[in-house]
Amino acid sequence: MFSLNSFSQSSPGYQLPPQEIADLVDAPQTPAVSFNGSGEWMLLMKRPGYKSIEELSQPELRLAGVRLNPKTNGSSRSSSYVGLEAIRTNTGESLPIKGLPGNPLIQNVKWSPDGLKVAFTHQRSNGLELWTLDLSTGTTERLTPPILNDALGGVPFDWMADSETILYKSLIENRRATPVEPLTPKGPVIQETTGQKAPVRTYQDLLQNAYDEELFEYYMTSQLFTVNINSKAKSKFGEPGMINQVSASPNGAYVFLNYIERPFSYIVPFYRFPQKNVVVDKNGNLVKLVAEIPLAENIPKGFGAVRKGPRNFEWRKDQPAELYWVEALDDGDPAKKVAHRDQLFFLQAPFSGSKKAGVKFKLRYRGITWGTDNMAISYEWWWSSRQMITSRFDPSDAASKKVLFDRSFEDRYNDPGTFQTAANSYGEQVLLIEDKGRSLFLIGTGASPEGNRPFLRKFDLKSNQATTLFRSEAPYYEYPIKVLNAKKGSLVTRRESKEQPPNYFSRDLKKKSIKALTSFSHPYKRLEEIEKQVVKYKRKDGVELKGDLYLPVGYKKEDGPLPVLMWAYPSEFKSANAASQVEGSPYEFIRLGWYSPLYFLTRGYAIFDDPSMPVIGEGEKEPNDTFRQQLVMNAEAAIDKLVEMGIADRARCAIGGHSYGAFMTANLLAHSDLFAAGIARSGAYNRTLTPFGFQAEERTYWEAPEVYYTMSPFMHADKINEPMLMIHGEADNNSGTFPVQSERMFAAIKGLGGQARLVMLPHESHGYRARESIMHMLWEMDQLLEKYVKNKDTGSPAVNTQLQKE
């Protein structure tokens, strides 16, 4: 029996929610889609249902931010596909795929440079195999036994330029036995400060001792091999080591390798360990030691902080073999006042010369889209000002940068979109350019007051003006995915509506024709008649808000007010105007994931999903200075609107959220009496346990102790007098949401005589993956809502709607 007044632990086993909810959880999932470089082929990758708890309970090591399965030497938290289907985009013809292994678990899908083959890994119980798919025949073939090393994540292989050779990370041949933990320690674990500031966030899964260090080196060490997909001939390549990044140059003559080095650290994850960056030739022989990067334990605080020295090594996609990277000009410290934050550098084959300086960036470097010898697009950003700058530059001229867009990244209405790319002669994606270098193309979400209306635009580089070629029109939500031929006006889009699930279409803009490429059916028959209504309203200070309202099938207004589940997540803004902008579209199809509250439509609840929860700090003010007050204003405005519409029963409203939404939930229960109950999943409640910043807060606890205290619902647990259900994954690896956060919050509420229930899900991380866990989570939520919300004793005095508890 469900009760929030428990005096001891209990373990009733995994429970199932009502059948109508369970059926939705088990609904088929829409395949993922990938296009080759030219867009000629579309690959459908079929998703399975949720994993079983048995699958999730496989052995797992947690080392320096890495979670791996020691049986497979691959990620213990990876997702797999269970089938493949290839479709020609010009005809819609489907290519049968032959030769896949039985019960496939496909991962790391990657197209060859010529776009005619696909490489992927297949997971067996004892490791990862390398496979290929040949689209000329539709046949698949295994290239290796289960020997690939994917412990560090990412793709453990890369295609060479000939599209016939693959370079892959392998386990060390005749690897020694797994290190055994000594029964007797050699001594204490000692850490010592250096006198330098080293502010770090609360990372999970860090190394703890010498044995962890030994395990990390053992599992991360790889030997590279090449394999020819035709002859199957294999050759050892280069030197073994803890290889993190493997990247072949566009012409295949060189390979860039990033090695992790000792000494390790017990306070930061592996990607801040020392690194060695080298270029080798196509036979694996050392050509150039590009850079050795020291351990980065003392990166300054702030969202714009980066490590000193070279970083972000990549190959230029428009050149045969030219490496580029950036270096901080401010020592990586956002607090320093400088004219430029970063600078671009190049090193060209044969790598015997010195690096060449490129353009400088006023803000922090964000990325580059390469085009031609004389044109590329750069991106830079700055957190505190929410500024984003997009520029055009000539890679051969360090003084050539010309700003195209300078905007706030909070301002969705003026987001110009993303410059589109096409495959070049190397099979690399570079800027899609037409009209003799004058025109580029942009695809964007198209946020507007009436909702998102995705677009394809042609951008004139001489006038800096864009012409709309396509824009989504009601009653559909249609997003351009891939431009197939800019001159002919052909592209692939993904189209959906309130009633129709997302499917892919081939469009000819000149002929104004459209052809379906897929025909996925409605996966949620129980919700087929559900309609989404975008509700707009204002909070008392005039900030405009909105939320997505869903009503149970068959509900009529004359049926009277409903119990309401409100599911939300707070967002920080530096501008009230940006906070008021509309997100989403009224024409999007309903999507259900484990995280969704929409399951409870089948139980007779109105669902107010993603109601705006802006926390605004304009000018010199920081959003979190008035976090509590703004949360309560947001929630009160939402409830008032739903009551005004005749939808909500004010006495029967529940609030819920995941992660920062759980933090919000506990705060609203502590500082208002607006809700009958709350659901808080995988949250953090005591901000003194995340003292060097959290979410969008850059200040440390010692710089803003009152903010940390005021925002922490743990400090105000005595004010929580409504039932709260807390759910948390026992293996949560998200920075800041250690499971102890929920354990301590539960202990506080229990010790103070409040009503709380704590559910710890075995083997689950920050997001939940096992079918049994998800079903049980929904059962717990259903039990709480039925007892304390839907069937709440409405004969009791009306809920006090005061804004703020004293």
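The values are calculated or read from the model by the stated rules, or taken from the named source; none is laboratory data. Note that this is a predicted model, so its numbers are computed, not measured. Ideal geometry is used to build each Cβ from the backbone, glycine not excepted, and the neighbour counts take in all protein chains shown. Surface accessibility is based on the protein's heavy atoms, side chains included, excluding ligands, DNA and RNA. Shrake-Rupley method; radii C 1.70, N 1.55, O 1.52, S 1.80 Å.
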Would you mention how many residues in the range 75-125 are among the polar types (S, T, N, Q) and within 17 Å of PHE35 (Cα to Cα)? 7
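Yes/no per residue for (1) of a type in the set (D, E, K, R); (2) touching a residue at least 12 places away in the same chain (Cβ under 8 Å); (3) over 27 Å from TRP383 (Cβ atoms):
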position: ILE260; (1), (2), (3): no, yes, yes
position: VAL268; (1), (2), (3): no, yes, no
position: ARG272; (1), (2), (3): yes, yes, no
position: VAL279; (1), (2), (3): no, yes, yes
position: ASN283; (1), (2), (3): no, yes, yes
position: ILE293; (1), (2), (3): no, yes, no
position: LYS301; (1), (2), (3): yes, yes, no
Matching residues in the range 334-353 - criterion: being farther than 17 Å from SER384 by Cα, assigned to a loop (DSSP other than H, G, I, E, B) and not polar (S, T, N, Q): ALA349, PRO350, PHE351, GLY353
Filter the range 487-506 down to residues that are over 17 Å from GLU473 (Cβ atoms) and touching an Asp or Glu at 6+ places or on another chain (Cβ under 8 Å) and give me whichever is least open to solvent (accessible area, probe 1.4 Å). SER490
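Enumerate the strands (runs of 3 or more DSSP E) found wholly within the range 491-584, keeping only those where 1 or more residues are touching a Gly at 6+ places or on another chain (Cβ under 8 Å) and within 30 Å of GLY39 (Cα to Cα). Working first, answer last.
Values: elements: 503-508, 513-516, 532-538, 544-550, 562-567, 571-573.
Counting at least 1 such residues, we get 503-508, 513-516.
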Condition test on PHE303, is it open to solvent by 10 Å² or more (accessible area, probe 1.4 Å), hydrophobic (A, V, I, L, M, F, W, C) and at pLDDT below 95? yes
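Whether any residue in the range 551-560 is closer than 13 Å to PRO611 by Cα, surrounded by 15 or more Cβ atoms within 10 Å (Cβ to Cβ) and in contact with an Asp or Glu (Cβ under 8 Å, 6 or more places away or on another chain) is what I want to check. Walk me through how you get there before you give the answer.
Of the residues in the range 551-560, the ones closer than 13 Å to PRO611 by Cα are none.
Scanning the range 551-560, I find no residue that is closer than 13 Å to PRO611 by Cα, surrounded by 15 or more Cβ atoms within 10 Å (Cβ to Cβ) and in contact with an Asp or Glu (Cβ under 8 Å, 6 or more places away or on another chain), so the answer is no.
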Check off (1) surrounded by fewer than 20 Cβ atoms within 10 Å (Cβ to Cβ); (2) without any contact (Cβ under 8 Å) to a residue 60 or more places away in the chain; (3) within 25 Å of ARG77 (Cα to Cα) for GLY127 and give me the number that stays unchecked. (1)
Name every residue in the range 638-661 that is part of a helix (DSSP H, G or I), more than 30 Å from the chain's Cα centre (by Cα) and not basic (Lys, Arg), in order of residue number. ILE639, ASP640, LEU642, VAL643, GLU644
Residues of the range 590-610 being part of a loop (DSSP other than H, G, I, E, B), under 21 Å from the mean Cα position of the chain (by Cα) and either surrounded by 21 or more Cβ atoms within 10 Å (Cβ to Cβ) or in contact (Cβ under 8 Å) with a residue 40 or more places away in the chain (or both), in sequence order, are ILE590, LEU592, TRP594, TYR595, PRO597, ASP610
For the range 136-176, give me the residue count where each residue is within 20 Å of GLY102 (Cα to Cα) and not acidic (Asp, Glu). 11
Anything in the range 386-405 that is over 22 Å from ILE433 (Cα atoms) and open to solvent by 60 Å² or more (accessible area, probe 1.4 Å)? List them, or say none. ALA399
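Are any of the residues in the range 383-405 of a type in the set (Val, Ile, Thr) and in a loop (DSSP other than H, G, I, E, B)?
Filtering the range 383-405 down to residues of a type in the set (Val, Ile, Thr) leaves 389-390, 403.
Restricting the remaining residues to those that are in a loop (DSSP other than H, G, I, E, B) gives none.
Scanning the range 383-405 turns up no residue that is of a type in the set (Val, Ile, Thr) and in a loop (DSSP other than H, G, I, E, B).
Filter the range 689-729 for residues that are in contact with a strand residue (DSSP E or B) (Cβ under 7 Å, 6 or more places away or on another chain) and at pLDDT 95 or above and give the result.
GLU722, PRO723, MET724, LEU725, MET726, ILE727, HIS728, GLY729
So, of the residues in the range 139-151 that are surrounded by 16 or more Cβ atoms within 10 Å (Cβ to Cβ) and not aliphatic (A, V, I, L, M), which turns out to be nearest to the chain's Cα centre (by Cα)?
Pass one, the range 139-151, residues surrounded by 16 or more Cβ atoms within 10 Å (Cβ to Cβ): 140, 143-144, 146-151.
Filter once more, keeping what is not aliphatic (A, V, I, L, M): 140, 144, 146, 149-150.
Details: THR140: 30, THR144: 31, PRO146: 29, ASN149: 23, ASP150: 20 Å.
Only one residue tops the list, namely ASP150.
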Any idea how many residues of the range 354-365 are part of a strand (DSSP E or B) and crowded, with 16+ Cβ neighbours inside 10 Å? 6
Identify the single condition in (1) open to solvent by 50 Å² or more (accessible area, probe 1.4 Å); (2) without any contact (Cβ under 8 Å) to a residue 60 or more places away in the chain; (3) polar (S, T, N, Q); (4) over 30 Å from GLY547 (Cβ atoms) that GLN429 does not satisfy, given that it satisfies every other one. (2)
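Take the range 367-382 and flag every residue that is in a strand (DSSP E or B) and not aromatic (Phe, Trp, Tyr).
Across the range 367-382, the qualifying residues are GLY367, ILE368, THR369, GLY371, THR372, MET375, ALA376, ILE377, SER378, GLU380.
Per-residue answers, yes or no, for (1) open to solvent by less than 60 Å² (accessible area, probe 1.4 Å); (2) under 23 Å from LEU143 (Cβ atoms); (3) touching a Pro at 6+ places or on another chain (Cβ under 6 Å):
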site: ASN230; (1), (2), (3): no, yes, no
site: PRO274; (1), (2), (3): yes, no, yes
site: LEU289; (1), (2), (3): no, no, no
site: GLU292; (1), (2), (3): no, no, no
In the range 228-266, how many residues are part of a loop (DSSP other than H, G, I, E, B) and more than 18 Å from ASP212 (Cα to Cα)? 10
Would the range 618-637 turn up any residue that is of a type in the set (A, V, I, L, M), buried (at least 22 other Cβ atoms within 10 Å of the Cβ), assigned to a loop (DSSP other than H, G, I, E, B) and modelled with pLDDT of 95 or more? no
Residue ID - farthest from ALA770 (Cα to Cα), chosen from residues in the range 69-81 that are modelled with pLDDT of 95 or more and out of contact with any Leu (no Cβ under 7 Å at 6 or more places or on another chain): LYS71
Taking strands (runs of 3 or more DSSP E) that fall entirely within the range 409-469, which contain at least 3 residues that are within 30 Å of ASP114 (Cβ to Cβ) and in contact with a helix residue (DSSP H, G or I) (Cβ under 6 Å, 6 or more places away or on another chain)? none
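Take the residues in the range 152-208 that are outside any loop (DSSP other than H, G, I, E, B) and either open to solvent by 80 Å² or more (accessible area, probe 1.4 Å) or not acidic (Asp, Glu) (or both), then tell me which one is nearest to PRO250 (Cα to Cα). Before you say what the answer is, go through the steps one by one.
Residues of the range 152-208 that are outside any loop (DSSP other than H, G, I, E, B), as a first pass: 157-159, 165-170.
Within this subset, residues satisfying the condition of being either open to solvent by 80 Å² or more (accessible area, probe 1.4 Å) or not acidic (Asp, Glu) (or both) are 157, 159, 165-170.
Values: PHE157: 15, TRP159: 10, THR165: 13, ILE166: 14, LEU167: 14, TYR168: 17, LYS169: 19, SER170: 23 Å.
Step by step, filter the range 152-208, then rank; the result is TRP159.
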When the range 575-589 is examined, which residues are found to be surrounded by fewer than 22 Cβ atoms within 10 Å (Cβ to Cβ) and either of a type in the set (Val, Ile, Thr) or within 30 Å of THR626 (Cα to Cα) (or both)? SER575, ALA576, ASN577, ALA578, SER580, GLN581, VAL582, GLU583, GLY584
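Determine which member of the set ILE443, ILE481 is of a type in the set (A, V, I, L, M) and either closer than 23 Å to PHE393 by Cα or surrounded by fewer than 17 Cβ atoms within 10 Å (Cβ to Cβ) (or both).
Just one listed residue meets the conditions, ILE443.
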Note on the range 12-37: residues surrounded by fewer than 17 Cβ atoms within 10 Å (Cβ to Cβ), among the polar types (S, T, N, Q) and at pLDDT 95 or above are GLN15, GLN19, SER34
